[in-house]
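The values are calculated or read from the model by the stated rules, or taken from the named source; none is laboratory data. Just so it is clear, the structure is predicted and the values come from calculations on it, not from any experiment. Heads up, the Cβs are rebuilt from the backbone with ideal geometry, glycines too, and the neighbour counts pull from every protein chain shown.
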Amino acid sequence: MSDCIFCKIIKGEIPCFKVYEDDSVLAFADINPISKGHILIIPKRHIENMWEATEEELVTVMRTAKKLIHAIKDAINPEGVAVLQLNGKAVNQVVMHYHFHLIPRSEGEGKLSMTEWELIPGNMEEIKQTVGKITAAIK
Ligand SMILES: [Zn+2]
């Protein structure tokens, strides 16, 4: 897609701090990092989200995440790494090209606020109904 910033990075029209590349994926540093070592993995084909991704593309991205999480561990030895992927503006996806975040957290960086939420018991009847709808829709 011509106006997509990640497609421009793939084509080399915009520079990036490249971490890894093969025929189908590119991994590079997020230039607005949440923490030290924040990396994005993207498929080279322009797709917006997981709904548009093929299973093979998802497997390839996850295989790359596995490779890079080991490299992150060896290189900067964080206390933990969040793996995050957002689908849609309602969940704050900003760049509409599928991307997978690897967000290491090291000593002194504190907890990752987006992974903390208050545990409030849900409405069991509503949960049951929603699960029923989702399980009935599994193909
Ligand atoms: Zn794109």
Set 81, 95: member being at negative phi, part of a loop (DSSP other than H, G, I, E, B) and surrounded by 12 or more Cβ atoms within 10 Å (Cβ to Cβ): 95
Mind telling me which of the residues 47, 9, 72 ends up being aliphatic (A, V, I, L, M), touching a helix residue (DSSP H, G or I) at 6+ places or on another chain (Cβ under 8 Å), surrounded by 15 or more Cβ atoms within 10 Å (Cβ to Cβ) and at pLDDT 95 or above? 47
Just checking, does the stretch 25-33 include any residue being within 15 Å of the ligand (Cβ to nearest atom), among the charged types (D, E, K, R) and either closer than 23 Å to residue 114 by Cβ or assigned to a helix (DSSP H, G or I) (or both)? no
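I need a count of the residues in the stretch 34-48 that are touching a His at 6+ places or on another chain (Cβ under 9 Å) and either of a type in the set (Lys, Arg) or within 16 Å of the ligand (Cβ to nearest atom) (or both).
7
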Just the residues that are away from the ligand (no atom under 15 Å from the Cβ) and not basic (Lys, Arg), please, taken from the stretch 57-67. 58, 59, 60, 62, 64, 65
The stretch 98-135 - residue that is among the charged types (D, E, K, R) and not in a loop (DSSP other than H, G, I, E, B) and, of those, farthest from the ligand (Cβ to nearest atom): 125
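Can you pull out every residue in the stretch 76-99 that is closer than 16 Å to residue 35 by Cβ and not polar (S, T, N, Q)?
Residues satisfying the conditions are 76, 78, 79, 80, 81, 82, 83, 84.
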Selection from the stretch 12-23 of residues that are surrounded by 14 or more Cβ atoms within 10 Å (Cβ to Cβ) and either within 11 Å of the ligand (Cβ to nearest atom) or not in a strand (DSSP E or B) (or both): 16
What are the pairs, 6+ residues apart or on separate chains, where a residue within the stretch 110-139 that is within 19 Å of residue 82 (Cα to Cα) has its Cβ under 8 Å from a residue that is part of a loop (DSSP other than H, G, I, E, B) and modelled with pLDDT of 90 or more? 112/34; 112/35
Restrict the check to the stretch 68-85 and report whether at least one residue is in contact with a Phe, Trp or Tyr (Cβ under 6 Å, 6 or more places away or on another chain), within 16 Å of the ligand (Cβ to nearest atom) and not hydroxyl-bearing (Ser, Thr, Tyr). yes
